[in-house]
1. Rank B:TYR54, B:TYR33, B:TYR90 by mean-square fluctuation in a GNM of chain B with C-alpha springs under 10 angstrom and give only the top-ranked residue.
2. For labels at A:ASN26 and B:GLU99 in the simple 7 Å Cα→Cβ model, what's the distance in nm?
3. Going down the list A:LYS18/A:LYS69; A:LYS57/B:LYS38; A:LYS65/B:LYS73; A:LYS71/B:LYS70; B:LYS78/B:LYS106; A:LYS69/B:LYS106, which pairs span over 28 Å between their C-alpha atoms?
4. Can you tally the net charge around A:ASP56? Count Lys and Arg as +1, Asp and Glu as -1, for every other residue whose Cβ sits under 11 Å from the Cβ of A:ASP56.
5. Excluding B:ILE118 itself, calculate the net charge of residues whose Cβ lies under 12 Å from the Cβ of B:ILE118, where each Lys or Arg counts +1 and each Asp or Glu counts -1.
6. Give, rounded to the nearest 20 debye, the magnitude of the charge dipole that chain B has about its Cα centre when Lys and Arg contribute +1 at Cβ and Asp and Glu contribute -1 at Cβ.
7. For B:LEU115, what residues show an amide H to amide H distance below 5 Å, using hydrogens built from the backbone and excluding near sequence neighbours?
8. Top mean-square fluctuation among B:VAL13, B:VAL48, B:VAL66, Gaussian network model of chain B, C-alpha springs under 10 Å?
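The numbers here are math on the coordinates, done by the rules we state, and not lab data. Source: prediction; values computed, not measured. FYI the Cβ positions are ideal-geometry reconstructions off the backbone, even for glycines, and counts take in every protein chain you see.
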Amino acid sequence: EAQVTQNPRYLITVTGKKLTVTCSQNMNHEYMSWYRQDPGLGLRQIYYSMNVEVTDKGDVPEGYKVSRKEKRNFPLILESPSPNQTSLYFCASSLIQGQQPQHFGDGTRLSIL
Amino acid sequence: AQTVTQSQPEMSVQEAETVTLSCTYDTSENNYYLFWYKQPPSRQMILVIRQEAYKQQNATENRFSVNFQKAAKSFSLKISDSQLGDTAMYFCAFMKHTEANFGNEKLTFGTGTRLTIIP
């Protein structure tokens, strides 16, 4: 089954404690992206990757890091989480061929206390 | 930069009725794609329908259809014979066209419309 898998689905943690949200896709997609969803703001892009070892900032990258060492994985790293990073996070992937529809993971609800 | 505006934060409609969700966008691009995504209470993001800007014909998917007005930069979603399972948040999204392997295929989202189907 074609899917984008995010872990964890839920996480409550404290300010300053490093955390990683994993994202894995099994569709051999080149393009992967992270979004955060906040009430009244819709979804906004954090980082994206065009392929292995190719990453770049989206619209709201502050406080986040990513890596793309393998094609299937695109983890989101919060080195020192703060309460303003409390949000719902989505990973998405697609082929880079004529803007194919993006497949989304099921979301990760992060609460930073 | 592109912007997407959904002016209806919430809507409700009786089951089996037709409902139209509005979306307007602003861009200087000539070639782009527009999408409607559905987010049910399970939080999944589900693609409902997609429209290529270069196509004049409005996209349809079963009970879902769009009214794409390129000159007016309007992209509304019509849901016919609404069902209880249509209850969800609906997001309109824009993506500019990029050549393969060039450019960020970012989706720019509106703020969403929460649709409730009343039994």
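1. Looking only at B:TYR54, B:TYR33, B:TYR90, the largest GNM fluctuation is found for B:TYR54.
2. 3.6
3. Exceeds cut-off: A:LYS65/B:LYS73; A:LYS71/B:LYS70.
4. Working: positive: A:LYS57, A:ARG68, B:LYS106; negative: none.
So the environment of A:ASP56 carries a net charge of +3.
5. Values: positive: none; negative: B:GLU15, B:GLU17, B:ASP86.
Neighbourhood net charge equals -3.
6. Once rounded to the nearest 20, the dipole reads 140 debye.
7. Answer set, sorted by chain and number: B:MET11, B:ALA88, B:MET89, B:TYR90.
8. Top of the fluctuation ranking is B:VAL13.
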